[in-house]
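Below: one structure, written as structure tokens.
The values are calculated or read from the model by the stated rules, or taken from the named source; none is laboratory data. Note that this is a predicted model, so its numbers are computed, not measured. As a convention, Cβ positions derive from the backbone with ideal geometry for all residues, glycine included, and neighbour counts pool all protein chains shown.
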Amino acid sequence: MKPFTLIFISTLLLTGVCYSQTKSFQVILSPYQNDHPTEVDEPQIYRLRKQALNADFNIVKLTNLDNHRKDSISLREIFEPVNGNYIYYQFVSTFNGRALVFPGEDLKDSIKIFHDILIVKTNNQNEIIDAFQYTLEWAERPCQYDLYKSSNTSNVTLTENMEISTLKFVRTEYWDENDKFLKEKGTIKMK
């Protein structure tokens, strides 16, 4: 057998062995719940929507929302898990909030239903590695402006009734030092 053929066949075999050992993420929980929104200015409730093993975030898309957003459906897909080495959690908070009101519009019409998505990745001991929070109905560009990243994950374990303020979310892009921290209050519900 020629050396080139031998190297080619060996490479193919090795690639096949390595590829077959790569684990795909596995969704182990994806309950559907019809939430009643919390009221304006009430603390939000982040309910578990999805849990996946051997998963991760799609960091390329998360760090460049504006280039990957075409509509609200494709936006939601950005927050879905990809293959990785972590436990992935997705929480959604449904709440009544105030939409932008333009001159001449009635303030009472500004109350709308919004959805915040919170994604968290942990290790096997449920210690938080990373987390992001975003309002799915955010309409103004740049979209990246409403994406928050946790600035506090060292020695933080994901638990039932955890306050999201523990994660100290910071905008991934901001122009004003006074407007860089997440102001909403909320509780994580894992059950």
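Taking GLU163 as the residue in question, decide whether it is under 22 Å from ASN96 (Cβ atoms), surrounded by 14 or more Cβ atoms within 10 Å (Cβ to Cβ) and within 17 Å of the chain's Cα centre (by Cα). In short, no. The residue pairs whose first member lies in the stretch 163-177 and is farther than 17 Å from LEU118 by Cα, whose second member is crowded, with 16+ Cβ neighbours inside 10 Å, and whose beta carbons are closer than 9 Å, counting only pairs six or more residues apart or on different chains, are GLU173/GLN144; GLU173/TYR145; GLU173/LEU147; TYR174/TYR145; TRP175/TYR145. Among the residues of the stretch 110-137, those that are surrounded by fewer than 22 Cβ atoms within 10 Å (Cβ to Cβ), touching a Lys or Arg at 6+ places or on another chain (Cβ under 8 Å) and touching a residue at least 60 places away in the same chain (Cβ under 8 Å) comprise ILE111, ASP130, LEU136, GLU137. Here GLU160 meets each of (1) at pLDDT 95 or above; (2) touching an Asp or Glu at 6+ places or on another chain (Cβ under 6 Å) with one exception, condition (2). Please give the number of the condition GLY16 fails out of (1) at pLDDT below 70; (2) within 24 Å of ASP116 (Cα to Cα); (3) small (Gly, Ala, Ser). In the conditions (1) at pLDDT below 70; (2) within 24 Å of ASP116 (Cα to Cα); (3) small (Gly, Ala, Ser), GLY16 misses (2) alone.
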